[in-house]
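Everything on this sheet refers to the single structure shown next.
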Amino acid sequence: MGLLKLVTPFLALASAAQAKSLADRVGKGHGLSEHAQNLFDYSMEVSDSRYDSSYNYVWYQDNGQWSVRFTAWYIAGLLHRNKCNDVKAAIAAIENVLANQLTSDFDSAWYGTFKLAPDEPDPTPNGPLYPPSIYGSYDPNWREFVGTQLIQIVEEFEHVLPPALTARIEDALEAAAVGGMRRNGSYPEGDNLILGYSNPAIMRALTTGWIGKRKGNKVLTDFAWEQGKELLELFQRGGQDVLSEYNAPNYYGIDIWALAANIAYGPADAPMTKNSKVILTELWKDIAAHYNPYLGNMVGPYDRAYSRDANTHSQILSMIMWGIYGRGTFGQPPLGEGDLLYDIAQGAALAMVMDVIAPTITKQAEEIVTSKGKWEGSRFINKTVWEELTSDEPRQITSWLSAELMIGGQKVAETKNRGNQYVPAIVQWAADPNHKPYPYMGFFTLYPSASTLTAEATENRLVVSYPDTTQPGTNIFTFGLTGIPPSYTLGNKHIIDGLEELPCLNVNVTAPGLVKQDVVYGSTIRNHWIYNVSYVVPEDFSGVPTVTLDMEYTC
C-alpha cells in the first residue's frame, strides 16, 4: 500500500438529494445492505436465544437476571424483522422498558433513568437495602442508552405502535431528558458527565433535542441547541478535531451510533444534527490515522479500552466496520468470543444506521480501514485533548506506528486516577507474523497507578516518567505483558522474565535507580491474561523516576 498518508479534503455536507433520501428511509422499515443484514442477523440470533418469552425481557445478568438495556436494543430488531409474533413481543418489551424507568423521586440523582434489571430494587437513600451508588445501584447513562434507542423505535416504527404507547414513550423521554440535563460533572453528587464525556454527552444532545422539539419544550431544546454547539466547539478546539474521550475503540462505536442517530433522527434545525456530520467525518479520519492494517488494530494510547486487541476481544468499533464492509474487514474477534456476545446485543439497532454512517467515511479513510497486509514506512500522530472548553490542562498524545510495531503514550496531569480502562502507554507488535488472518499481536501496557505521568512515544522508543512523586502510585511502574504465542513458551522453551527478550521483539530497558521485581503471571486486565513486570522506586530515590524502552523488531 505504500506509506499511509491521510489526505483530509473537505467533505461537503449532505446534498439536498441525500437529505431527501434520509427522510425517505425513516419510518418505512428501510432495507439493509448485505453487510448490515449480516450483522443484524447475528445479533438477532444471539438475542433470540436469550429472550425470555414468559417475561418479555432478554436474559443477561446485569444487576439481576435480565437486562433492560439489552431488551431495549432487541426491540428495534424485532420491529424491523416483523415476522410471526415479533411486533407483539416488541410492544410487550416496550411496556417492560417503560415500567423500569425511575420516576418516583423527582429530586433524586436517578430521576428519569432506567433500572439495569427489572428484578433489582430501586435505590434506597433512606435504608440499607440498596443504597444509591452511581454506576452501581443506578446508571445515569441509561437515560441516554435507552433513550436514544426509544427514539430510533419511534422514528422507524411509529406506524406499527399503538398511539397511546407512543405517547407514553414520549413522556418517558421527557422525564429522562429532565433528569439528564441536570448533570454537570459535579451535580448530582458524584456525577461525571462533563462536555468531554463524549458518548453520553452526544446521546444527551439527541434525547433532549428530540423530545424537546416533539413536545414543544423550549427549556429542553435550548439546552440541546447549546450542547450541540459546544460539543462541536470542544471537538474543534485548537484545530485538533478530537473527541475528548479519545481513541477509545469500544466507545468510538457508541460515539458513532450517537452521531449517526443525531443525523438520522435529530430535529432538522438542531445544531447537533448538522454538527454530527462534521464530527463523524473527522472522527473517521482519526480512526484511519490510528489503524494498522497489518495488525488489524488501532495504535494506542487509549482513554478507555476494555479490549487492547480487536482480534481477540470485541470492540464496538469492529461491529461498525462489520456492518459497513463485512466481517472480513478490520480486526474482528471470533464469533463466540464472550465480549462480542455482550456487545452484539446492540448489533441490530446499529445495523439500521449503517446507511447513515457509510457516506461520512472519506475515500482516503476508507482506503486505510479496509486495507490488509504489510505497508511501507511509518507515521506519527501528535494530538492535544481538552476535557472542557475552559480547561487549561490538556492531555498530550503521541503515537508512532509501523506495520510490525506500534507505540503510544500520553502525558496527563490529574488528581484522580482514571482506572484500569485507561491505557496511557502501550507497545504492540507482531509477535507471530505467521498467524492468520492477522499476526498474533503481543503487547504490554503501563498500569495507570499514578494520575500524573508522562509517556511519550517516538520511533522505536517509549519513555515513561512520574514528574510528581508526591502522588500515590508513583512508587512503582507496572507493565502488563500479554500476547505471547504458545509455541514460544510451551515446554519451557522460553521463560518470560522481563520485557527484554520477547518473541520478535528485543527491548532495551533503562530504569536508573529503580529495582526490577520478579515477574509474576496469572492476573488479568480486562480479560487479558498478563505477566506482571514491575520496577519499584526506592524510598530514598531522588529525581524523576523514569523508564526508557528502546525497541527493535526482529522477525
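The values are calculated or read from the model by the stated rules, or taken from the named source; none is laboratory data. What you see is a predicted model, and the numbers here were worked out from it, not measured in a lab. Glycine gets a Cβ as well: all are built from the backbone with ideal geometry, and neighbour counts include every protein chain shown. Ligands, DNA and RNA are stripped out before the accessible areas are found, and what is left, the full protein with its side chains, is counted by its heavy atoms. Shrake-Rupley method; radii C 1.70, N 1.55, O 1.52, S 1.80 Å.
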Out of Pro472, Pro467, Pro538, sole residue that is part of a loop (DSSP other than H, G, I, E, B), within 27 Å of Thr415 (Cβ to Cβ) and touching a residue at least 60 places away in the same chain (Cβ under 8 Å)
Pro467
Filter result for the condition that a residue is part of a helix (DSSP H, G or I) and open to solvent by 20 Å² or more (accessible area, probe 1.4 Å), over Lys88, Lys83:
Lys88
Taking region 426-462, which residues are within 14 Å of Thr546 (Cα to Cα), surrounded by fewer than 21 Cβ atoms within 10 Å (Cβ to Cβ) and over 24 Å from the mean Cα position of the chain (by Cα)?
Arg461
Residue selected from region 61-80 under the condition free of Cβ contacts under 8 Å to residues at least 60 places away in the same chain and surrounded by fewer than 24 Cβ atoms within 10 Å (Cβ to Cβ), by the criterion nearest to the chain's Cα centre (by Cα):
Asp62
Given the options Glu189, Glu226, Glu155, Glu230, name the one that is modelled with pLDDT under 95 and of a type in the set (D, E, K, R).
Glu189
Across region 441-455, the tally of residues that are in contact (Cβ under 8 Å) with a residue 60 or more places away in the chain and part of a strand (DSSP E or B) stands at 6
Does Ile357 satisfy being in contact with a Gly (Cβ under 9 Å, 6 or more places away or on another chain), β-branched (Val, Ile, Thr), part of a helix (DSSP H, G or I) and surrounded by fewer than 24 Cβ atoms within 10 Å (Cβ to Cβ)?
yes
Within region 484-522, tally of residues that are out of contact with any Pro (no Cβ under 9 Å at 6 or more places or on another chain), under 20 Å from Pro448 (Cα atoms) and surrounded by 13 or more Cβ atoms within 10 Å (Cβ to Cβ)
7
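Can you confirm whether region 542-554 contains a residue that is over 20 Å from Glu456 (Cα atoms) and not hydroxyl-bearing (Ser, Thr, Tyr)?
No, there is no match, as no residue in region 542-554 is over 20 Å from Glu456 (Cα atoms) and not hydroxyl-bearing (Ser, Thr, Tyr).
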Where Leu350 falls short, out of the listed (1) without any contact (Cβ under 8 Å) to a residue 60 or more places away in the chain; (2) within 20 Å of Glu245 (Cβ to Cβ); (3) buried (at least 20 other Cβ atoms within 10 Å of the Cβ):
(1)
Just to be sure I understand, how many residues within region 187-213 are over 20 Å from Asp105 (Cβ atoms), open to solvent by 10 Å² or more (accessible area, probe 1.4 Å) and not in a helix (DSSP H, G or I)?
4
List pairs: first in region 222-250 and more than 30 Å from His313 (Cα to Cα) and open to solvent by less than 10 Å² (accessible area, probe 1.4 Å), second among the polar types (S, T, N, Q) and in a helix (DSSP H, G or I), Cβ under 6 Å, 6+ apart or cross-chain?
Ala224/Thr208; Gly228/Asn275
Suppose we filter region 360-381 for residues that are within 30 Å of Gln152 (Cα to Cα) and either open to solvent by 60 Å² or more (accessible area, probe 1.4 Å) or among the β-branched types (Val, Ile, Thr) (or both); how many remain?
6
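Of the residues Tyr291, Tyr306, Tyr342, Tyr325, which single one is within 16 Å of the chain's Cα centre (by Cα), surrounded by fewer than 24 Cβ atoms within 10 Å (Cβ to Cβ) and at pLDDT 95 or above?
Tyr342
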